[in-house]
Amino acid sequence: MSQIASIASPVLGTSKSSADLALRAAGVVGFAALTALASQWSIPVPGTPVPMTLQTLAVTLCAFTMGPRLGLMSMLLYFAAAAAGAPVLADGAGGWNTAIGATGGYLLGFMLAQPVMAFAARNGKAFGGAKALLAALVMGNATIFAAGVTWLAIHQNLSLADALDQGLWPFLPG
């Protein structure tokens, strides 16, 4: 088992036991699976190619639970599964073209938001627990939407105003 631990440690971090290493690996896989499951709860939003899903809930829980490195690994695994064709995106979609399609920026945002949210939640404790969590939520969602709206504008050849109309404003109430 020590050979496996030495191979996995750059990704999963150093560990004193194989059980801890297995728990970390299970967390990475588990949160990728939870994100895939959350994407299946999908509501089409009129006027936009972006559906409303529960993915950001899974992404947030991942960052708060797994931390920046393992959270990022989990979202990379989720993206890799989507790009490889697994039906893990909204409405059971998958494949490279779908993964980098109109909603590809949000998937990138899921990855970028992991260290942002984890850092804000863990290092903002001087502001108080609830305030740190709120700051982490706001910063993480801002990261996801910034990547998503930017990519949507590029991919769909939209103006910034149109990209905001399709990729941000309808989702703020959620």
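Quick grid of which residues meet (1) within 17 Å of the chain's Cα centre (by Cα); (2) more than 20 Å from Gly140 (Cα to Cα); (3) open to solvent by less than 30 Å² (accessible area, probe 1.4 Å):
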| residue | (1), (2), (3) |
| --- | --- |
| Ser39 | yes, no, yes |
| Met75 | yes, no, yes |
| Val88 | yes, yes, yes |
| Ile100 | yes, yes, no |
| Gly104 | yes, no, yes |
| Leu108 | yes, no, no |
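Name the pairs: first residue in the range 76-92 and closer than 18 Å to Ala25 by Cβ and at pLDDT 95 or above, second residue of a type in the set (A, V, I, L, M) and not in a helix (DSSP H, G or I), Cβ to Cβ under 6 Å, at least 6 apart or on different chains?
Close Cβ pairs satisfying both conditions: Ala81/Val88.
What are the residues in the range 162-174 that are more than 23 Å from Leu57 (Cβ to Cβ) and open to solvent by less than 60 Å² (accessible area, probe 1.4 Å), if any? Outline the logic, then answer.
First, pick out the residues of the range 162-174 that are more than 23 Å from Leu57 (Cβ to Cβ): 162-163, 165.
The one that is more than 23 Å from Leu57 (Cβ to Cβ) and open to solvent by less than 60 Å² (accessible area, probe 1.4 Å): Ala163.
Within the range 41-53, how many residues are assigned to a strand (DSSP E or B) and open to solvent by less than 60 Å² (accessible area, probe 1.4 Å)? Don't jump to the end; show me each part of the working.
Kept after step one, since they are assigned to a strand (DSSP E or B), are these residues of the range 41-53: 42-43, 52-53.
Those still in the list that are open to solvent by less than 60 Å² (accessible area, probe 1.4 Å) too: 42, 52-53.
Selection size over the range 41-53: 3.
Checking the condition of a type in the set (S, T, N, Q), more than 20 Å from Asn97 (Cβ to Cβ) and either open to solvent by 70 Å² or more (accessible area, probe 1.4 Å) or free of Cβ contacts under 8 Å to residues at least 40 places away in the same chain (or both), which residue from Thr65, Thr56, Thr60 passes? Explain how you work it out, then say what you get.
Numbers: Thr56 fails: either open to solvent by 70 Å² or more (accessible area, probe 1.4 Å) or free of Cβ contacts under 8 Å to residues at least 40 places away in the same chain (or both); Thr60 fails: either open to solvent by 70 Å² or more (accessible area, probe 1.4 Å) or free of Cβ contacts under 8 Å to residues at least 40 places away in the same chain (or both).
Just a single option satisfies the conditions, and that option is Thr65.
Among residues belonging to the range 115-141 that are open to solvent by 60 Å² or more (accessible area, probe 1.4 Å) and of a type in the set (A, V, I, L, M), point out the one that is farthest from Gly101 (Cα to Cα). Don't jump to the end; show me each part of the working.
Here is the first cut: in the range 115-141, the ones open to solvent by 60 Å² or more (accessible area, probe 1.4 Å) are 119, 122-123, 125-127, 130-131, 133-134, 137-139.
When the remaining residues are screened for being of a type in the set (A, V, I, L, M), the result is 126, 130, 133-134, 137-139.
Working: Ala126: 40, Ala130: 36, Leu133: 31, Leu134: 30, Leu137: 25, Val138: 25, Met139: 24 Å.
Applying the filter and picking the extreme gives Ala126.
Might you check whether a residue that is crowded, with 19+ Cβ neighbours inside 10 Å, within 25 Å of Ala82 (Cα to Cα) and at pLDDT 95 or above occurs anywhere in the range 3-19?
Of the residues in the range 3-19, the ones crowded, with 19+ Cβ neighbours inside 10 Å are 12.
Okay, now just the ones that are also within 25 Å of Ala82 (Cα to Cα), so 12.
Among the residues that remain, those that are also at pLDDT 95 or above are: none.
Within the range 3-19 (the criterion being crowded, with 19+ Cβ neighbours inside 10 Å, within 25 Å of Ala82 (Cα to Cα) and at pLDDT 95 or above), the answer is no, since none of the residues qualifies.
The values are calculated or read from the model by the stated rules, or taken from the named source; none is laboratory data. Treat the numbers as computed from the prediction; the structure is a model and nothing was measured. Every residue, glycine as well, gets a Cβ built from its backbone with ideal geometry; the counts of neighbours run over all protein chains shown. All accessible areas refer to the heavy atoms of the entire protein, side chains included, with ligands and DNA or RNA removed. Shrake-Rupley method; radii C 1.70, N 1.55, O 1.52, S 1.80 Å.
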